[in-house]
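Trainee: One structure, as structure tokens, below. Some questions next.
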Amino acid sequence: NWQLKTVRRMLESADFLEEVVDRHDLTLSSFEKAVLRELVEVLEPFEEATDMVQGDKHVSISLALPCVLGLRKHLAETATRQCTGILVSLAQSLDRRLAAVLED
């Protein structure tokens with residue numbers, strides 16, 4: 001989850017850096033910002049699912065299957081221009097790792 005938080009911080013500070021820094025080679029391009037925004041959109045539900053099943057205030061094992069099903073739905077419904085490979089890889093990995101559980 002810390003990697004996702006780092007990407008969010010980079011996006012939040014990108015506009016400020018552009019104003020402060022005169023060198024364009026030190027700032028993110030529009031394409032790079034678009035890729036990072038898509039990456040955040042793809043990964044945020046994974047962060048939420050991780051937080052839910054690691055929670056101390058509720059029975060987290062009962063949330064595992066709904067989280068997995070929600071992640072599969074998210075990956076199937078998300079459309080990206082730059083992160084298609086990541087979407088496909090995450091969906092395949094989820095299906096491969098949980099095939100036995102999802103068969104029933």
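The values are calculated or read from the model by the stated rules, or taken from the named source; none is laboratory data. Predicted model, so just to flag it, every value in this text is computed and none were measured. So basically every Cβ, Gly included, is an ideal-geometry build from the backbone, and we count neighbours across all protein chains shown. Each accessible area value is taken on the protein alone, full model and side chains, heavy atoms only, with ligands, DNA and RNA left out. Shrake-Rupley method; radii C 1.70, N 1.55, O 1.52, S 1.80 Å.
Trainee: Residues in segment 4-16: is at least one over 16 Å from the mean Cα position of the chain (by Cα), in a loop (DSSP other than H, G, I, E, B) and free of Cβ contacts under 8 Å to residues at least 40 places away in the same chain?
Mentor: No, every residue in segment 4-16 fails to be over 16 Å from the mean Cα position of the chain (by Cα), in a loop (DSSP other than H, G, I, E, B) and free of Cβ contacts under 8 Å to residues at least 40 places away in the same chain.
Trainee: Considering VAL40, VAL7, VAL21, which residue is more than 22 Å from LEU94 (Cβ to Cβ) and hydrophobic (A, V, I, L, M, F, W, C)? Don't jump to the end; show me each part of the working.
Mentor: Details: VAL40 fails: more than 22 Å from LEU94 (Cβ to Cβ); VAL7 fails: more than 22 Å from LEU94 (Cβ to Cβ).
Every option except VAL21 fails the conditions.
Trainee: Only one of LEU87, LEU94, LEU75, LEU65 is open to solvent by 40 Å² or more (accessible area, probe 1.4 Å) and free of Cβ contacts under 8 Å to residues at least 60 places away in the same chain; which?
Mentor: Within the list LEU87, LEU94, LEU75, LEU65, the selection yields LEU65.
Trainee: Tell me which residues, restricted to segment 17-34, are in a helix (DSSP H, G or I) and open to solvent by 40 Å² or more (accessible area, probe 1.4 Å).
Mentor: Of everything in segment 17-34, those that are in a helix (DSSP H, G or I) and open to solvent by 40 Å² or more (accessible area, probe 1.4 Å) turn out to be LEU17, GLU18, GLU19, VAL20, HIS24, ASP25, LEU26, SER30, PHE31, GLU32.
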